[in-house]
1. Hey, can you tell me all the residues within the stretch 107-148 that are buried (at least 21 other Cβ atoms within 10 Å of the Cβ) and either basic (Lys, Arg) or on the phi > 0 side of the Ramachandran plot (or both)?
2. Tell me which residues, restricted to the stretch 111-153, are assigned to a loop (DSSP other than H, G, I, E, B), touching a Ser or Thr at 6+ places or on another chain (Cβ under 9 Å) and among the β-branched types (Val, Ile, Thr).
3. Between residues in the stretch 110-135 that are farther than 12 Å from Asn90 by Cβ and residues that are surrounded by fewer than 21 Cβ atoms within 10 Å (Cβ to Cβ) and hydroxyl-bearing (Ser, Thr, Tyr), which pairs lie under 7 Å by C-beta distance while being six or more apart or on different chains?
4. Might you check whether a residue that is farther than 28 Å from Arg94 by Cα and more than 16 Å from the chain's Cα centre (by Cα) occurs anywhere in the stretch 3-26?
5. How many residues does the stretch 68-102 contain that are assigned to a loop (DSSP other than H, G, I, E, B) and without any contact (Cβ under 8 Å) to a residue 24 or more places away in the chain?
6. What are the residues in the stretch 100-125 that are within 15 Å of Met17 (Cβ to Cβ) and either among the small types (Gly, Ala, Ser) or modelled with pLDDT under 95 (or both), if any?
7. Output the residue which, of all residues in the stretch 50-63 that are surrounded by fewer than 15 Cβ atoms within 10 Å (Cβ to Cβ) and part of a loop (DSSP other than H, G, I, E, B), is nearest to the chain's Cα centre (by Cα).
8. Would you pick out the residues in the stretch 8-32 that are polar (S, T, N, Q) and part of a helix (DSSP H, G or I)?
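The values are calculated or read from the model by the stated rules, or taken from the named source; none is laboratory data. The shown structure was predicted, so the numbers you read here are calculated from the model rather than taken from an experiment. Quick reminder, even Gly has a Cβ in these numbers, built from the backbone with ideal geometry, and neighbours come from all protein chains shown.
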Amino acid sequence: MIKVLFVCLGNICRSPMAEFVFKDLIKKKGLEEHFIVDSAATSREEIGNSMHMGTVKKLKEQGITYSDHKARQIILEDYINYDFIIGMENSNIRNILKIVGADNENKIYRLLDFTKYPKDIADPWYTGNFDITYEEIKLGCECFLEYCINNIN
């Protein structure tokens, strides 16, 4: 079982989008029973809030199933319980480390680090561009799934 936690600042835009995109990819490959997937925030600003309407709209446009989602903050136990903690940008990684401490088990990554084009995924809450965010998250999730299939027994 591979346990994956996607993380962004508020857990209302990028990380839940990655959660549901990744769940859609593993479902299409028949790998659902091999993964546990969730998402969380580094901040407390949006705790308890639903996904941003831009994320919901983009998931609907792509025909991706999603469930009721309430933002939550990452906690130390998440580091213990998950195999991969995947942030969307460098500031997420710094904030994850402030919460969980050192990454002694090499579990913390940026999503696009699994692609040929490692970089931050901009926050659409600020940019307003959920199309670019979706394309980058989809690419990152596809490459991360390929990494999992090729590198994890």
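1. none
2. The answer is Ile121, and nothing else.
3. Correct list of pairs: Phe114/Tyr147.
4. no
5. 3
6. Ala122, Trp125
7. Going through the qualifying residues, I end up with Ser50.
8. Hit for the stretch 8-32 is Ser15, nothing else.
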